[in-house]
Amino acid sequence: MAEHRKALIELEENDLLNLGYSEFQRSIMHQRLATLYQAVGDKLKAKRHKDAWSRAADGIQLFDAAQNQLWQLKGPNLGTYAESIALIKCALERGVSDNYQARIHRALGEIYHKCGKATKATEHLETALRLNPKVGVQKMLNKLKSEKQKNRQLELLK
């Protein structure tokens, strides 16, 4: 299996030298190389290709990568949340459609909620709702608002 990965790495590295590929195609190559180098244990080269990918990737690619990272996450991992937030914010900066913007704000709301930052979560969820009322955040917004009310009542009792 390791020899197959090494052969794939060599092919991908040679393909990167081909000037006929678009920036989008190159970003996909860098993403594949990052995954391959990670699999063979070369973290330095994996990081180098991941960084090259993130510089070349468009907003949708960045958002999808952050989503995939979050779906694979089991339990609270603030480092992964922070990395996903950075990717998602970069996706917003690079420009995506209104539909993706709503999904991005929903994802940010979910992440901030998992991190215990209710105010930031509410802001992003309300933005998502404003951009697309069908984005599916109303239930979470209601939950956050009821949690805020309970916290205020507890503070008043102290």
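Per residue, the accessible area of the range 25-68 comes to 50 Å², computed with a 1.4 Å probe over protein heavy atoms only.
Gyration tensor analysis over the Cα atoms of the chain returns equivalent ellipsoid semi-axes of 38, 18, 10 Å (largest first, whole Å). Along its three principal directions, the equivalent ellipsoid of the range 81-128 from the Cα gyration tensor extends over semi-axes of 17, 13, 7 Å, largest first. Work out the FRET efficiency for GLU10 and LEU78 from their Cβ-Cβ distance, taking R0 = 41 Å, and round it to the nearest 0.05. Once rounded, the FRET efficiency stands at 0.65.
Calculate the length of the line joining the C-alpha centroid of the range 46-62 to that of the range 81-158, in whole Å. Taking the Cα centre of each part, the range 46-62 and the range 81-158 sit 25 Å apart.
From its DSSP helices (H runs of at least four residues, each -39,500 (n - 2.57)), the chain gives a residue-normalised ellipticity at 222 nm of -27000 deg cm²/dmol. Rounded to a whole number, what % of the accessible area of the chain do carbon and sulfur atoms account for, probe 1.4 Å? Taking all protein chains in place, the chain shows 53 percent carbon and sulfur surface.
Under the combined filter of DSSP loop state and at most 14 neighbouring Cβ atoms within 10 Å, the range 8-81 retains none of its GluC sites (Glu not before Pro). Pairwise Cα separations in the range 38-114 fall into 10 Å bins from 0 onward with the following percentages, short to long: 18, 49, 28, 5.
The values are calculated or read from the model by the stated rules, or taken from the named source; none is laboratory data. Given the structure is predicted, the values throughout are model-derived calculations rather than measurements. FYI the Cβ positions are ideal-geometry reconstructions off the backbone, even for glycines, and counts take in every protein chain you see. Only protein heavy atoms, including side chains, enter the accessible area calculation; ligands, DNA and RNA are left aside. Shrake-Rupley method; radii C 1.70, N 1.55, O 1.52, S 1.80 Å.
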